[in-house]
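K.L.:
If you scroll down you'll find the structure; I have some questions about it.
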Amino acid sequence: MTTILRSGIDLIEIERIEKLKPEIKARFLQRVYTSAELDLCGDRDERLAGRFACKEAVSKALGTGIGTVHWQEIEILTNDQQMPILYLYGNAAALAKSLGLSIWSVSISHVKNYAVAIAIASD
């Protein structure tokens, strides 16, 4: 029996989100994040950037990038210990199932200027 293992990683400059004009940022937030993610992040751009990077990392692990799967089909919330927890919906969930990916681990980190995330999936 062969074990399936896939990964994705992404890095983003936090200022990409900080410097969005208010009218553009509002549309961006509604397109990219679920309401639960927005509630969790509040107005903290480093948290938004971390979740953006995590969504990109997950899409890379799925082998698609964003497009085949949509932003809101990848949701990153937290557990009681504040660790990120991944939820997949729609095309993202169907693709993961078709690839045999049922176990996921995601991690997010940020420093002053950057946020980074990694996603690892296996069967």
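The values are calculated or read from the model by the stated rules, or taken from the named source; none is laboratory data. All of these numbers come straight from a predicted model, not from anything done at the bench. Using ideal geometry, Cβ is built from the backbone for each residue, glycine included, and neighbour counts are taken over all protein chains shown.
K.L.:
Does residue 11 satisfy the condition of being modelled with pLDDT of 95 or more, of a type in the set (A, V, I, L, M) and crowded, with 17+ Cβ neighbours inside 10 Å?
P.N.:
Spelling it out, it is not the case that residue 11 is modelled with pLDDT of 95 or more, of a type in the set (A, V, I, L, M) and crowded, with 17+ Cβ neighbours inside 10 Å.
K.L.:
Also: From the list 99, 88, 40, which residue is over 15 Å from residue 28 (Cα atoms), surrounded by 14 or more Cβ atoms within 10 Å (Cβ to Cβ) and more than 15 Å from the chain's Cα centre (by Cα)?
P.N.:
99
K.L.:
Restricting attention to segment 105-123, which residues are more than 18 Å from residue 93 (Cα to Cα) and over 10 Å from the mean Cα position of the chain (by Cα)?
P.N.:
109, 110, 111, 112, 113, 114, 115, 116
K.L.:
Restricting segment 58-69 to residues that are closer than 18 Å to residue 118 by Cα and either in contact (Cβ under 8 Å) with a residue 12 or more places away in the chain or touching a Phe, Trp or Tyr at 6+ places or on another chain (Cβ under 6 Å) (or both), which is surrounded by the most Cβ atoms within 10 Å (Cβ to Cβ)?
P.N.:
The extreme case among them is 58.
K.L.:
If residue 92 satisfies all but one of (1) over 17 Å from residue 120 (Cβ atoms); (2) in contact with a His (Cβ under 8 Å, 6 or more places away or on another chain), what's the number of the condition it fails?
P.N.:
Unmet for residue 92, out of (1) over 17 Å from residue 120 (Cβ atoms); (2) in contact with a His (Cβ under 8 Å, 6 or more places away or on another chain): (1).
K.L.:
Which condition does residue 2 not pass, out of (1) modelled with pLDDT under 95; (2) within 19 Å of residue 71 (Cβ to Cβ), if it passes all the others?
P.N.:
(2)
K.L.:
Let me ask something else about it. For the subset of segment 58-68 comprising residues that are modelled with pLDDT under 95 and within 12 Å of the chain's Cα centre (by Cα), which member is farthest from residue 99 (Cα to Cα)?
P.N.:
66
K.L.:
Among the residues of segment 45-57, are any among the small types (Gly, Ala, Ser), surrounded by fewer than 21 Cβ atoms within 10 Å (Cβ to Cβ) and modelled with pLDDT of 95 or more?
P.N.:
no
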